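Notes for the one structure printed next.
The values are calculated or read from the model by the stated rules, or taken from the named source; none is laboratory data. The structure displayed is predicted, hence computed values, not measured ones. Note that each Cβ is placed from the backbone with ideal geometry, even for glycine, and that neighbours are counted across all protein chains shown.
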Ligand SMILES: Cc1cc2nc3c(=O)[nH]c(=O)nc-3n(C[C@H](O)[C@H](O)[C@H](O)COP(=O)(O)O)c2cc1C
């Protein structure tokens, strides 16, 4: 997979683990899954508020759920003192082929491992770039 990950090749080859996050891409399959696994109320929410939307919006909604889990995954890794690099710079179609993912679309991968002080993403090499707090948080 490293060889189909653009400029991320080295990061993947040097990582301890690579976790690939994929979104379900088959709405019928998703609906069968929730019918079988979720309480009636949750299925009702989907049917009332999500299902009537166009297919592209339903798929975007499904993908948002996976990005929510990325936030938690990164914090959880940090709390275990494991460094992580989330990477959207991957060839999604090639990942799908390699992993033989039927009905799922790979969105991004996260390389995990102990810190490499020479990694190009380290703050010592690449300074953090942050907007001022008052630009991003509005107190009302
Ligand atoms: C969704 C997402 C995709 C990213 N894709 C890549 C990537 O393909 N390659 C990479 O080196 N960094 C990528 N990054 C950036 C780094 O993994 C990491 O977030 C950054 O180095 C740490 O800086 P920050 O604290 O400003 O996020 C991505 C970050 C996010 C949130």
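Examine the range 46-57 for a residue that is within 19 Å of the chain's Cα centre (by Cα), at pLDDT 95 or above and within 15 Å of the ligand (Cβ to nearest atom), and state whether such a residue exists. Looking for residues that are within 19 Å of the chain's Cα centre (by Cα), at pLDDT 95 or above and within 15 Å of the ligand (Cβ to nearest atom), one finds none in the range 46-57, hence no.
Among the residues of the range 48-81, what is the count of those that are surrounded by 12 or more Cβ atoms within 10 Å (Cβ to Cβ) and touching a helix residue (DSSP H, G or I) at 6+ places or on another chain (Cβ under 9 Å)? Final tally of qualifying residues: 7.
Restricting attention to the range 83-119, the residues that are more than 14 Å from the ligand (Cβ to nearest atom), assigned to a loop (DSSP other than H, G, I, E, B) and in contact with a strand residue (DSSP E or B) (Cβ under 9 Å, 6 or more places away or on another chain) total 3. Between 9, 31, 35, the distinction of being surrounded by 11 or more Cβ atoms within 10 Å (Cβ to Cβ), free of Cβ contacts under 8 Å to residues at least 40 places away in the same chain, more than 16 Å from the ligand (Cβ to nearest atom) and within 23 Å of the chain's Cα centre (by Cα) belongs to 31 only. Counting only residues that are modelled with pLDDT under 95, within 12 Å of the ligand (Cβ to nearest atom) and either surrounded by fewer than 10 Cβ atoms within 10 Å (Cβ to Cβ) or within 17 Å of residue 74 (Cα to Cα) (or both), the range 125-140 holds 4 of them.
Against the test of being farther than 30 Å from residue 118 by Cα and part of a strand (DSSP E or B), the options 23, 60, 42 yield a single qualifying residue, 23.
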